[in-house]
1. When the Kirkwood radius is taken over all Cα pairs of the stretch 29-93, what Stokes-Einstein diffusion coefficient follows at 4 °C and 1.567 mPa s, in µm²/s?
2. Mind computing the radius of gyration and Dmax over the alpha-carbon atoms of the stretch 70-131? Å is fine for both.
3. May I ask you to list the aspartates and glutamates whose Cα is less than 12 Å away from that of K86, ignoring any residue fewer than eight positions away on the same chain?
4. For T41 paired with A98, estimate the spin-label separation in nm (one decimal), with each label point 7 Å from Cα along the Cα-to-Cβ line.
5. Compute the signed sum of charges (Lys and Arg +1, Asp and Glu -1) over the other residues within less than 10 Å, Cβ to Cβ, of R31.
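Throughout, read-outs are computed from the coordinates displayed, never taken from laboratory work. Every value quoted in this text rests on a predicted model; they were computed, and no experiment measured them. A quick note on method: Cβ atoms are made from the backbone with ideal geometry, for glycine too, and the neighbour counts reach across all protein chains shown.
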Amino acid sequence: MGQLPDRHRPNHAIHPVTHRPTLVFLTVCTRDPKRLLDNPTAHDAIVRAWTSAAAWRVGRYVIMPDHVHLFVTPGTPQLPLINWLKFWKRGLSTVLGANSWQDDYWDYTLRSNDSYADKWDYVRRNPERAGWVARAEDWPYQGVLNDLQW
């Protein structure tokens, strides 16, 4: 078996998982590595944008200073993920400034052998590992919008 090629760009292929809901782990980054997102105004605006767009439902999330990690599942009506991302990123341009987001994003469809709890534990500890807080639970820019079953 040959070696897999290095991936420098995500392939954005969402593959539904048999006998389980589709659950996608996303990372969306700002255009420049600036502290744009770790404040109450940005946090509230991001949550409002996500809840106003029912095409994808957001479960757990962590908003870091220059990127966001979130878990999503298709909603109704189901829209291609890229369209949903463009919708809420565009809606945030008045709060964060035009062109605040990178055009691309990273996505990973959880598979049957993946542990949602393990992935969440890793994500929620990002602020602690970065030195922003002493304990992950002290980071104010995280939460759960919907209970996504896995």
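1. On the way: Rh = 12.1 Å.
Translational D for this selection: 107 µm²/s.
2. Rg, Dmax (Cα atoms, Å): 14.6, 40.
3. K86 reaches D103, D104.
4. Reported label-point gap for T41 and A98 is 1.9 nm.
5. Values: positive: K34; negative: D32, D66, D103.
After counting each charged neighbour, the total is -2.
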